[in-house]
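Encoded as structure tokens, the structure appears first; notes follow it.
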Amino acid sequence: MLATTAFAQLPQPPAIPKSVIIDTDIGYDIDDAIALAIGLRAEKLGYIKIKAITTITGHWGDKAPALVNTMLAYGGI
């Protein structure tokens, strides 16, 4: 019930959503995965349009694209 009430109070999405690029070091901590999930939800609701998602190279760099692709698949993109 609380979640339904919270979502009922969201403002209407803009007529033209903001274009964004998400730059992430996904894989080190959970924070980037949560931010990406919020971004994907905001896109589904019409608040933003994700133009690109970039990941880093290095320690997790080889796994970062796979993590993003998995989130995109689960997010229905």
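No lab work stands behind these numbers, since they all come straight from the coordinates. A quick note: this is a predicted structure, and the numbers were derived from the prediction, not measured. Cβ: placed from backbone, ideal geometry, glycine included. Neighbour counts: every protein chain shown.
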query = With r defined as the distance between the Cβ atoms of Val20 and Ala73 and R0 fixed at 22 Å, what FRET efficiency is calculated, to the nearest 0.05?
reply = 0.65
query = Per residue, what volume in Å³ does the Cα convex hull of region 8-77 take up?
reply = 86
query = Under a plain spin-label model, where a point goes 7 Å from the Cα along Cα-to-Cβ, how far apart in nm are Ala66 and Lys49?
reply = 3.3
query = Which lysines have a Cα less than 20 Å from the Cα of Lys18, not counting those fewer than 8 places away in the same chain?
reply = Lys44, Lys49, Lys51
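Arrange the peptides 29-35, 15-21, 50-56 so that the one whose residues have, on average, the most other Cβ atoms within 10 Å appears first.
50-56, 29-35, 15-21
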